[in-house]
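Have a look at the structure below, then the notes.
Bear in mind that the values in this text are calculations on the coordinates, not laboratory data. This structure is a prediction, so every number in the text was calculated from the model and none was measured. Positions of Cβ are backbone-derived with ideal geometry, glycine not excepted, and every protein chain shown enters the neighbour counts.
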Amino acid sequence: MDGLPIGIWALLVGAGLVVFGGLGVIAWAQRSRPEPTGAAASHGDLEDEDVAGLTAHAAAAREAAGRAAAIAGEARARASAAAGARDVAWRAQEVAQRVAETARQAASSGWTERPGSGPVAAEPTVTRAALSAYRRGDLSVEQLRVVWQQAAGWTPELLERERAAQLAAAGERDARRAHDRAALVARQADRAAHVAEVAAIALADEATQAAAEAHEALLAARRPGPWRPRVG
């Protein structure tokens with residue numbers, strides 16, 4: 001899987017070679033071993049059962065590690081996709097910020113484009129207070145229009161610039177919230193992928209250890225004398 005540490009797959013491949021090689025050794029040993037009799041037969045059967053059990057355990061451990069590796073790979077792919085979506089949202093937020101700043105500058109410059117006229121020259125206190133109230137949402141567009149109509153120099157263009165600035169500011173807020181959500185999803189996906197990768201590594205190590213124990217038992221089974229599992 002893309003994004004999964006190569007070491008996990010190396011451990012799984014090594015464990016698989018030991019397990020499948022061990023199964024071949026069992027088959028070879030059973031074919032080549034002379035037919036035991038009496039007490040020797042009882043001992044040989046017990047030894048084969050032990051070896052077969054360890055080999056089966058190693059195969060099951062390798063299968064579990066393989067599933068964990070696949071899950072980790074999928075989780076890392078999701079994390080990568082979430083990180084890409086976060087980056088896209090960040091770029092969209094930057095664009096929205098530039099648009100909003102341009103709209104704010106256009107709205108502000110509208111009051112100074114006509115020297116000696118406009119609300120600043122005629123009714124500075126009232127019109128500025130009304131404009132602030134409109135930007136806070138305390139006045140509607142129509143209410144603001146009434147105030148400006150009572151002031152000298154009011155033009156529909158100024159109102160249009162203010163409306164554009166308000167829309168751009170709303171777009172900037174939406175873009176910021178979208179980026180915050182995307183960043184949260186990316187952080188959560190990255191944590192989930194990390195947890196899955198740690199679990200996959202642990203299971204790969206367990207599969208390798210189980211395969212080594214099975215291999216040791218297989219070698220011991222080919223030597224004379226009783227075999228006992230390694231302790232520690």
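Observations
- Theoretical gain in end-to-end length, R187 to E49 [0.36 nm per residue, Cα-Cα removed]: 44.8 nm
- FRET efficiency estimate (nearest 0.05) - Cβ-Cβ, E63 to D180, R0 30 angstrom: 0.15
- Here r is the Cβ-Cβ distance between D205 and R173 and R0 is 45 Å; the resulting FRET efficiency, rounded to 0.05, is 0.40.
- Spacing of the two label points (7 Å from each Cα toward its C-beta) at E160 and Q105, in nm: 2.1
- For region 162-167, 3J(HN,Hα) computed residue by residue from phi via the Karplus equation (6.51, -1.76, 1.60; θ = phi - 60°) reads 5, 5, 5, 5, 5, 5 Hz, glycine and proline entered as x.
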